[in-house]
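The values are calculated or read from the model by the stated rules, or taken from the named source; none is laboratory data. Owing to the predicted nature of the structure, the values given are computational and were not obtained by experimental measurement. Cβ coordinates were reconstructed from backbone atoms using ideal geometry, including for glycine residues, and neighbour counts include every protein chain displayed.
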Amino acid sequence: MSRPRIAIAMSGGVDSSVAALMLKEAGYEVVGFSLRLWDPGRSRVEGDHHLPRPCCSLDDFRDAQMVAAQLGIAHYVVDFQSEFESAVVLTFIEEYRSGLTPSPCVLCNSRIKFGHLMRLAEEVGADRVATGHYARVSYDADTGRYLLGRALDRRKDQSYFLFELDQSQLARIVFPLGDLEKRHVRKIARAYKLPVAEKGESQEICFIPDGNYAAFIERNCRSAGDRCDGLTSLAGGQIVDREGRILGAHPGIHYFTVGQRRGLGIAHSKPLYVLEIQPQENRIVVGERSQLFRQRCRLGGVNWISIDKAQVPVKVHAKIRSQHAPAPATVYPGADGSVEVVFDNPQAAITPGQACVFYQDDKVVGGGWIQRD
């Protein structure tokens, strides 16, 4: 009897390498794919040789190939740079220049990695796909729905970044690391003497290793030419308080996000934070920390996972960014498919452009994108 075949995304890191190993040990015929999404030369900052390595380097692909060779599995490198730039990078630039704070890792997962990986799986005759994400998938026989759950290792849990996955995708996805802690993943890699056992962690936004988003946006808009036409200007403007009093000047709204304190360049008797970004007026509104708190937000682009669609208000715990502790809230469905999330207690720095993901216990109920008021 032939073994079931599965396609796995292999980044060259320890997580995806151990995931491939576990699948091989479980009896799958494993086919590895490394997705070339970005030219690391475009992220290089001249004169600084101490930055974290950006994604998709030749070393990463070489590491993935060495692991595949050790495991005795097929391995392919497939180029999706054009699709990644269009769906993720240019969206990242456009949203920052429009006064939003995007979450490119969500877009990369739902619109690039899983979509293309599933197509590649079909081409090699694989019924299922896998990645090294820390999350869990299960099936609820009572509802007939596939569920996305948080990983055992809460510090590494990535379910927040996967909330846009749909039922057809979840039905075919395997997350081998969902029931493991990171330290156990390292232990397995060492036990099998994988060449990536001691490799460092990847960056959250892999194509900006220095974390300087504004410089990246300016650098890539200069090189993108007409692909950046029509986006909000990079020009500077005013920093004002809630009453509209001018407190200073800013170099461009793409330098700021809601909740930011550093880099305002304003002398004030109390610490000031970014409260709002107004792209049409090209203004940054600042105020004291107490003014950062809000109790509600509206979401668009909502995706439901554990239920087909909310017909009545739903009690959840909602995360307004990846490192935010889930807070008790109620989700109120709107007639147009949007929802309003009302928190039991006000939350700091609810940021337009970020994802808001809601949970019940360990399961993802759904999520959406925070809209500007």
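Please find, within region 62-80, the residue that is nearest to Ala121 (Cα to Cα) out of those that are touching a residue at least 60 places away in the same chain (Cβ under 8 Å) and outside any strand (DSSP E or B). So, considering only residues that are touching a residue at least 60 places away in the same chain (Cβ under 8 Å) and outside any strand (DSSP E or B), the one nearest to Ala121 (Cα to Cα) is Val67. The requirement of being within 21 Å of Cys105 (Cβ to Cβ), assigned by TED's automatic domain parsing to the domain that holds Val89 and touching a helix residue (DSSP H, G or I) at 6+ places or on another chain (Cβ under 7 Å) is fulfilled nowhere in region 203-214; no residue meets it. Across region 232-256, the qualifying residues are those that are hydrophobic (A, V, I, L, M, F, W, C), touching a His at 6+ places or on another chain (Cβ under 8 Å) and under 19 Å from Cys221 (Cα atoms), and the one among them that is surrounded by the most Cβ atoms within 10 Å (Cβ to Cβ) is Phe256.
From the list Gly353, Gly265, Gly300, Gly337, the one residue that fits, being small (Gly, Ala, Ser) and not in a loop (DSSP other than H, G, I, E, B), is Gly300. For region 323-373, the tally of residues that are farther than 22 Å from Arg145 by Cβ, aliphatic (A, V, I, L, M) and in contact with a helix residue (DSSP H, G or I) (Cβ under 8 Å, 6 or more places away or on another chain) stands at 2. Within the option set Leu71, Leu51, Leu107, being modelled with pLDDT under 95 and in contact with a helix residue (DSSP H, G or I) (Cβ under 7 Å, 6 or more places away or on another chain) holds for one residue only, Leu107. In the set Leu90, Leu100, only one residue is crowded, with 21+ Cβ neighbours inside 10 Å, closer than 24 Å to Gln371 by Cβ and of a type outside the set (Ser, Thr, Tyr); that residue is Leu100.
Within region 111-134, is even one residue basic (Lys, Arg), within 20 Å of the chain's Cα centre (by Cα), modelled with pLDDT under 95 and not assigned by TED's automatic domain parsing to the domain that holds Ile305? So far as region 111-134 goes, yes, one or more of its residues are basic (Lys, Arg), within 20 Å of the chain's Cα centre (by Cα), modelled with pLDDT under 95 and not assigned by TED's automatic domain parsing to the domain that holds Ile305.
Against the conditions (1) assigned to a loop (DSSP other than H, G, I, E, B); (2) surrounded by 15 or more Cβ atoms within 10 Å (Cβ to Cβ), Ala329 satisfies every one except (1). The set of residues in region 303-326 being assigned to a loop (DSSP other than H, G, I, E, B) and surrounded by 13 or more Cβ atoms within 10 Å (Cβ to Cβ) consists of Ile305, Ser306, Ile307, Ala310, Pro313, Ile320, Arg321, Ser322, His324, Pro326.
Going residue by residue through region 202-211, is there one that turns out to be without any contact (Cβ under 8 Å) to a residue 40 or more places away in the chain and within 18 Å of the chain's Cα centre (by Cα)? Scanning region 202-211, I find at least one residue that is without any contact (Cβ under 8 Å) to a residue 40 or more places away in the chain and within 18 Å of the chain's Cα centre (by Cα), so the answer is yes. Being more than 26 Å from Tyr96 (Cβ to Cβ), over 17 Å from the mean Cα position of the chain (by Cα), aliphatic (A, V, I, L, M) and surrounded by fewer than 18 Cβ atoms within 10 Å (Cβ to Cβ) is true of Ala267.
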